[in-house]
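Taking it in order: structure first as structure tokens, then the write-up.
The values are calculated or read from the model by the stated rules, or taken from the named source; none is laboratory data. Given the structure is predicted, the values throughout are model-derived calculations rather than measurements. Counting neighbours? That spans all protein chains shown, and the Cβs are built from the backbone with ideal geometry, glycine included.
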Amino acid sequence: MSQADLTMQRHSGGMLTDRPFAIPTKKLAMWLFIIADTMTFSACLVAYGFLRNATPDWPRPFHSIVNVAVMTFILLTSSLTMLLGAQTAKRGDQAGAFRWTMITALAGVMFAVLHIREWLGLIGEGMTLFKNPWGTGLFGAAFFSVTGLHITHVIAGVIALTIVGLRYKGGRYNADDIEIVGLYWHFVDLVWMFVVPFVYLMNLAH
Amino acid sequence: MPTAAELKREGTGKYLVVYLCILAFAGLQFVIAYQNITASQMFRRMFSVALVEAGVAVLFFMHLWAEKRGFLLFVVIFTVFVLLSMQFGWTDSFRLIHCGGYCS
């Protein structure tokens, strides 16, 4: 131990040894990222709400809730499987944790496929970023921005889950890393809980 | 494969209950969507349900409840403060829709 280390410990006591908020630095970093991303999504949703509230001919093009209901169920269930993966990892069951993590990633892929299928359906009906057959052209830009940002996060999450899962299985990562990537996945699910009512359910065709 | 007793001891049963609660809240939002109410009423109800749903997910799925109280307060207070700060522009959206942009 160097003279500098001894001097620091003598004068600063426990300041250098306690972790911020008593959680690992990696987890704190993920929480800070989640908070920042919450602001991004909130800004998008507030802007969407502002446009919707200020535009009299806002279209309500969604006739069926089946697709969005299935997507919601898949995403919520994937949060549960992620949680089971983190718990299994903490117990030391490497194979089980990897299995649950991959199931979560697969659920993310299914969600993304359904979402893209929905996008293609809307585009086939004539909806673009700047116009649509039902009302104001602002709807397309707002809808694709909000849902596009979300699906980007989902796809990034799937990639992250796959990489972390494989590295955990290979012994490079530990149970903490599974929990940390799980935090990100729960956040993605959490955002969807706000996107569904404001973007889909409030725009149901009556 | 863990037994039911082991799962219960580790709290997995608690997470299953939380999951079912979140599913129920999501279902409630779908029910609200088909109620014959005004848009503002629908927004208020859906937003309230979404807040509760998100709160439950953050506290239990993301384990914020199990973290140090200081960290929980940091996350909640900081996030809520910034989210509330974003809401200053709503009055302008009402001005646009009621006055067509020409009100002073």
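Could you grab me the full set of residues in the range A:111-142 that are surrounded by 12 or more Cβ atoms within 10 Å (Cβ to Cβ), touching a residue at least 60 places away in the same chain (Cβ under 8 Å) and not β-branched (Val, Ile, Thr)?
A:122, A:127, A:132, A:134, A:135, A:138, A:139, A:142 - these are the residues of the range A:111-142 that are surrounded by 12 or more Cβ atoms within 10 Å (Cβ to Cβ), touching a residue at least 60 places away in the same chain (Cβ under 8 Å) and not β-branched (Val, Ile, Thr).
Mind checking which residues of the range A:58-69 are surrounded by 15 or more Cβ atoms within 10 Å (Cβ to Cβ), more than 8 Å from chain B (Cβ to nearest Cβ) and assigned to a helix (DSSP H, G or I)?
Initial filter on the range A:58-69 (surrounded by 15 or more Cβ atoms within 10 Å (Cβ to Cβ)): A:58-59, A:61-62, A:65, A:67-69.
If we keep only those that are more than 8 Å from chain B (Cβ to nearest Cβ) as well, we get A:58-59, A:61-62, A:67-68.
A:67, A:68, listed by residue number.
Could you tell me which residue of the range A:72-94 is nearest to the other protein chains (Cβ to nearest Cβ), considering only residues that are in contact (Cβ under 8 Å) with a residue 60 or more places away in the chain and farther than 17 Å from residue B:61 by Cα?
A:92
Every residue, every condition in (1) surrounded by fewer than 11 Cβ atoms within 10 Å (Cβ to Cβ); (2) within 16 Å of the chain's Cα centre (by Cα); (3) without any contact (Cβ under 8 Å) to a residue 60 or more places away in the chain; (4) closer than 22 Å to residue A:37 by Cβ, yes or no:
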| residue | (1), (2), (3), (4) |
| --- | --- |
| B:28 | no, yes, yes, no |
| B:50 | no, yes, yes, yes |
| B:60 | no, yes, yes, yes |
| B:64 | no, yes, yes, yes |
| B:69 | yes, no, yes, no |
| B:81 | yes, yes, yes, yes |
| B:85 | yes, no, yes, yes |
| B:88 | yes, no, yes, yes |
| B:93 | no, no, yes, no |
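With the requirement that a residue be part of a loop (DSSP other than H, G, I, E, B) and within 27 Å of residue A:203 (Cβ to Cβ), what does the range B:13-63 give you?
Within the range B:13-63, B:34, B:35, B:36, B:37, B:38 qualify.
Every residue in the range A:156-206 that is of a type in the set (S, T, N, Q) and within 14 Å of chain B (Cβ to nearest Cβ), please.
The answer is A:203, and nothing else.
Name the residues in the range A:45-64 that are in contact (Cβ under 8 Å) with a residue 12 or more places away in the chain and under 21 Å from the mean Cα position of the chain (by Cα), would you?
Across the range A:45-64, the qualifying residues are A:45, A:47, A:48, A:49.
Of these, A:55, A:40, A:72, which one is among the hydroxyl-bearing types (Ser, Thr, Tyr), surrounded by 12 or more Cβ atoms within 10 Å (Cβ to Cβ), closer than 29 Å to residue B:26 by Cα and modelled with pLDDT under 90?
A:55
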